[in-house]
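Enquirer: Once you've had a glance at the structure underneath, I'll fire off some questions.
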Ligand SMILES: [Mn+2]
């Protein structure tokens with residue numbers, strides 16, 4: 001008997017959801033099942049192939065719904081859980097009692113743990129730290145920018161490995177370990193720590209680069225990393241360096257695009273007054289009220305710089321602090 005478990009790949013909540021579901025399934029549903037994993041990533045077009053559902057039972061956690069008749073378990077907490085209204089109607093008609101959506105949950109891990117307890121009478125206290133950290137990480141409920149920039153907590157070090165290590169087989173190994181051991185045991189293991197070191201070194205280098213390039217004025221910190229060739233950065237770095245800022249605006253260039261990233265500081269002393277998605281949409285980008293982005297072709301650096309200047313001007317306060 002095989003369970004195929006599909007989860008949100010390279011995402012802490014996706015991995016934690018897979019581990020919690022595995023424990024629940026093996027202890028409460030089918031102890032002898034063999035579990036196999038598939039990480040799913042968002043991509044344009046269809047997300048699933050019918051051949052993906054090759055188990056006797058098939059489950060999806062922390063990812064979009066599928067109408068496949070082979071899907072027997074589903075858990076999600078995303079606002080946009082359905083690709084189409086037809087998919088949603090299919091879910092609403094489901095009578096299995098094994099498919100769950102709750103968009104009020106900060107993490108899917110927490111949803112699975114709660115459903116397992118309240119509907120299936122499965123409780124495992126040793127999972128509490130994993131559920132707690134999934135809640136903090138997926139909900140971006142950090143206590144300070146330092147917490148997520150200094151990465152002192154082992155759970156955040158494990159998050160970095162899950163998000164950045166390209167080795168899918170190792171991510172699967174992490175799920176299998178989390179299904180039997182505690183979060184702390186897994187996060188502080190030699191292999192996770194070995195893989196975390198180069199990620200940390202790159203992160204600290206990026207931090208120093210942003211420290212050198214960032215300029216702050218009138219509630220906005222801005223930096224242009226095109227010449228540095230840096231494609232990504234921890235989005236809390238600007239607020240770590242400039243706790244007084246309300247907004248951050250950054251320009252980066254990757255192989256496939258030049259990108260403006262616009263964000264707002266969750267701990268800002270002066271509250272956000274702009275809807276960032278609305279501003280980004282004007283340049284063909286998008287996002288949420290608190291964070292957004294605009295993409296240009298890789299060679300459109302000057303166009304990107306000009307848009308960046310305009311966005312910075314629009315977000316800037318009248319007075320400085
Ligand atoms: Mn999630």
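Enquirer: On a 0 to 90° scale, report how tilted helix 301-315 is relative to the longest principal axis of the chain, with both axes built from alpha carbons and the result rounded to the nearest 10.
Expert: The answer is roughly 90 degrees.
Enquirer: Between 0 and 90 degrees, rounded to the nearest ten: what's the tilt of helix 108-120 against the longest Cα principal axis of the chain?
Expert: Tilt of helix 108-120: around 30 degrees.
Enquirer: Restricting to Cα pairs below 8 Å that are 6+ residues apart, what does the relative contact order work out to for the stretch 57-142? Please round to a whole percent.
Expert: Values: 105 pairs, mean separation 20.6, N = 86.
Value for the stretch 57-142: 24 percent.
Enquirer: Pull out the extension gain between residue 41 and residue 128, defined as 0.36 nm times the separation in residues minus the alpha carbon to alpha carbon distance; nm, one decimal.
Expert: Here the answer is 28.7 nm.
Enquirer: D for the stretch 81-213, whole µm²/s, Stokes-Einstein with Kirkwood Rh over alpha-carbon pairs at 4 °C and 1.567 mPa s: what number?
Expert: 75
Enquirer: Enter the Cα centre distance for the pair the stretch 12-35 and the stretch 63-132, rounded to the nearest angstrom.
Expert: Here the two parts' Cα centres lie 13 Å apart.
Enquirer: Sticking with this structure for a sec: Could you give the spread of the C-alpha atoms of the stretch 263-321 along their three principal axes, from largest to smallest, in whole angstroms?
Expert: The Cα atoms of the stretch 263-321 stretch 37, 23, 16 Å along their principal axes.
Enquirer: Still on this structure: Normalised by the number of residues in the stretch 1-74, what is the relative contact order in percent for Cα pairs under 8 Å and 6+ residues apart?
Expert: 44
Enquirer: Let me ask something additional. Defining a contact as two alpha carbons under 8 Å apart and six or more residues distant in sequence, what relative contact order in percent does the chain show?
Expert: Relative contact order, the chain: 13 percent.
Enquirer: Would you mind checking the radius of gyration and Dmax of the stretch 158-277 based on alpha-carbon positions, in Å?
Expert: Every Cα atom of the stretch 158-277 included, Rg and Dmax give 17.3, 51 Å.
Enquirer: Moving to a separate point now. Go ahead and estimate [θ] at 222 nm for the chain from helices alone: -39,500 (n - 2.57) per DSSP H run with n ≥ 4, summed, over the residue count, rounded to 500.
Expert: Computed mean residue ellipticity for the chain: -12000 deg cm²/dmol.
Enquirer: Can you tell me how much longer the chain between residue 212 and residue 274 gets when fully stretched, taken as 0.36 nm per residue apart minus their C-alpha distance, in nm with one decimal?
Expert: That works out to 19.6 nm of additional length.
Enquirer: Quick check on the chain: what are the equivalent-ellipsoid semi-axes from the Cα gyration tensor, as sqrt(5λ), descending, whole Å?
Expert: 37, 22, 18
Enquirer: In the Gaussian network model of the chain, springs joining C-alpha atoms below 10 Å, which of 138, 227, 299 carries the largest mean-square fluctuation?
Expert: 227
Enquirer: Right, next: Could you calculate the contour length gain from residue 1 to residue 297, that is, 0.36 nm times the residue separation minus the distance between their Cα atoms, to one decimal place in nm?
Expert: On the way: separation 296, 0.36 × 296 = 106.56 nm, distance 4.86 nm.
Stretched fully, the residue 1-residue 297 segment lengthens by 101.7 nm.
Enquirer: Please determine, in degrees from 0 to 90 and to the nearest 10, the orientation of helix 168-178 with respect to the longest principal axis defined by the Cα atoms of the chain, where the helix direction is its Cα long axis.
Expert: 60
Enquirer: Between 229, 219, 55, find the one with the highest GNM mean-square fluctuation for the chain; connect C-alpha pairs within less than 10 Å.
Expert: 229
Computed from the coordinates by the stated procedures, all read-outs in this text should not be read as laboratory data. In this text, all values refer to a predicted model and were calculated from it rather than measured experimentally.
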